[in-house]
Each structure stands twice: as C-alpha cells, then as structure tokens.
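Trainee: Take this structure, written in structure tokens, and hold onto it; I'll ask about it next.
Every read-out reported here was derived from the displayed coordinates using simple, explicitly stated rules and does not represent laboratory data. Small disclaimer: the values here were computed from a predicted structure and weren't measured. Virtual Cβ from ideal backbone geometry, glycine too; neighbours counted across all protein chains shown.
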Amino acid sequence: MSELITAANIHLVIKKNNEIRDEVLAQTMKLQMNPAIMKVASRPQLALLILQGFGLIQMPIEDKFWSGAIFVKNGKIIPVLNTALPRANQYFAAWHEIYHLIFDKVSFDHFIERDNTMEERKAECFAASMLLAGIDRYFIELPEMDFVSKIFLCMSAFQAPYKAVLVSLYEYAIQSENETLAKRIEEVFDLEFEDMPQRFQNLGLDDSLVKPSYVVNASSLQERIRRSKATNPELNYHKDNEAFLKNIMKEISMITRKGDSYSRMGTGGNQ
C-alpha cells in the first residue's frame, strides 16, 4: 500500500525517492527505449494500452483512497483501475500498476504487509517519471499568477494529480535549494478542493481531467479469453476464465482499502 503523503511526511518521501532514483530512472529508460511498448505519444493513453494487454478491468469503486490494484486469484493476474476517481488519478495509478507488472520481482512472491513497502514507493516514483518529466522547466516558465493556479496548469499539461505534481516540484525545490518554493508547496500540499472542476474551467482548462470517468469495462480481459479460446479450442481452461470473469466483477468491489485475500496490491497511486 502506498503511504498517504502529507506536508508532514513529504521530507521522508523525498528521502526515499533519492535512495531509489537511479534504479527507477533506469527502468523508465528501459521501457521508453522499447519500440514494442512505446506505441503512442500520449503517456496516459499509453498506460491504458499497456494495461489492456494484461486484461485491464476498469470499474468505479467509491473509495477515494483506492486507485488501483493487481487482482490475483487462482493464478490469474489482472490489473484494475478505479474509475470513480478523477481521470488524472487513474492515469497515475495506471503507471503505478505497470511498474508492478513489468519491474516488480518481489511483491508477487511474498506476503505484503499493509504498511508501506519500498516496492510501492518505486511504483510511485516510476509513475512520476513517466508522467512528469520536465515539469520543473514548465513550472518556472509559467507567467505570474497565484500559486495554486500554476499547479492546476501543471496538472493539465502533464495529465497528473495535484499531489503528484507537488511532490515532483518539491523534489526540484530541494535539489535547487529553493527554500521559498519548498515552503510554498508545504503550505498548499494538504489542501482539498471540492470545486476543482470549476477552478479548471475558470482557467480555461479541460475539467474532465479532474472528474471521474465512471467507466465500466472488462473488454480487455474478454478479448484475452476469446483469443485463448480461438487458439486452443480443444482445451477447457478458457471455460474457467469465463467463469472467472463472471465472478470477478462481483468480487472486485471487496478490494477496498480495508484489504482482502484477493488483492496483491492494496491501493496504488496515492500521490
């Protein structure tokens, strides 16, 4: 489970990020240099495309702390995204889960405690690396305006959640010894905005980024089942998959921040 980041613990988060930065950047570069994976320019859409290859399920779950997970049952591994959260959070959670599916060599072989693990922090760093590269330069070049509006512009440009943007800018502030910026970020870090869509509209930004999509979609998993059936019509395991698909939509709602025996990852993408 990813830790809930606040102004009180952001220093510790940055410290952890520094410890794993080189490893995560190497993984990011490895993925970005793979032409078989980097098929589209849009990072949010690329993340969804990659997860679809694993049988992605998208469905709304009314738990604001639950962004996504890897659903593990009977040897099957299926990524799930919570579409009741704003689209920006879904995109970040998508890259978080991609880290676990492609690079995480530890979590699927061990019991994961609900406390934060280093693999969860790596997944958060990886998601930030895929979505937020260059955000410091973009932020610096923005015209003068109130600070929170600048953050909203960054969110729009990089299709990323509020706190993910602030964490990346805070890292830049620490590295550049910009104490003024660091202090300003700490002051607004824990703010919550019930009117964020309206604030986006006031800035001339597309407010769909900060609204839920409420998509319900299991077509990627259905397509995997169809292909396995067409390739091996004489085998019966596709029947098990079909039964699994029927049951998973009922059981997936049980995977909340309270946790259960089906979910390998508790809640991904908490930035």
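Trainee: Mind scanning K64/K163; K39/K163; K150/K211 and naming the pairs with a C-alpha gap bigger than 25 Å?
Mentor: Checking Cα-Cα distances, K39/K163 exceed 25 Å.
Trainee: Within 12 Å, Cβ to Cβ, of L49, how many net charges do the neighbouring residues add up to if Lys/Arg are +1 and Asp/Glu are -1?
Mentor: +2
Trainee: Could you tell me how far the Cα centroid of the stretch 10-39 sits from the Cα centroid of the stretch 157-216, in Å?
Mentor: Here the two parts' Cα centres lie 21 Å apart.
Trainee: Rounded, prolate or oblate, given the Cα gyration tensor of the stretch 45-99, with a/c below 1.5 counting as rounded?
Mentor: Here the stretch 45-99 falls in the oblate category.
Trainee: Right, something else. Which of the three applies to the stretch 145-185, rounded, prolate or oblate, going by the alpha-carbon gyration tensor with a ≥ b ≥ c and a/c under 1.5 meaning rounded?
Mentor: Taking the square roots of the gyration eigenvalues as a ≥ b ≥ c, the stretch 145-185 is oblate.
Trainee: Between A133 and A26, take the C-beta separation as r, use R0 = 22 Å, and let me know the FRET efficiency to the nearest 0.05.
Mentor: About 0.95, to the nearest 0.05.
Trainee: Please compute the volume of the convex hull spanned by the alpha-carbon atoms of the stretch 115-222 and report it per residue in Å³.
Mentor: 156 Å³
Trainee: Measure off 7 Å from each Cα along the Cα-to-Cβ vector at N217 and K183, then give the distance between these two points in nanometres to one decimal.
Mentor: With each label placed 7 Å out from Cα toward Cβ, I get 4.6 nm.
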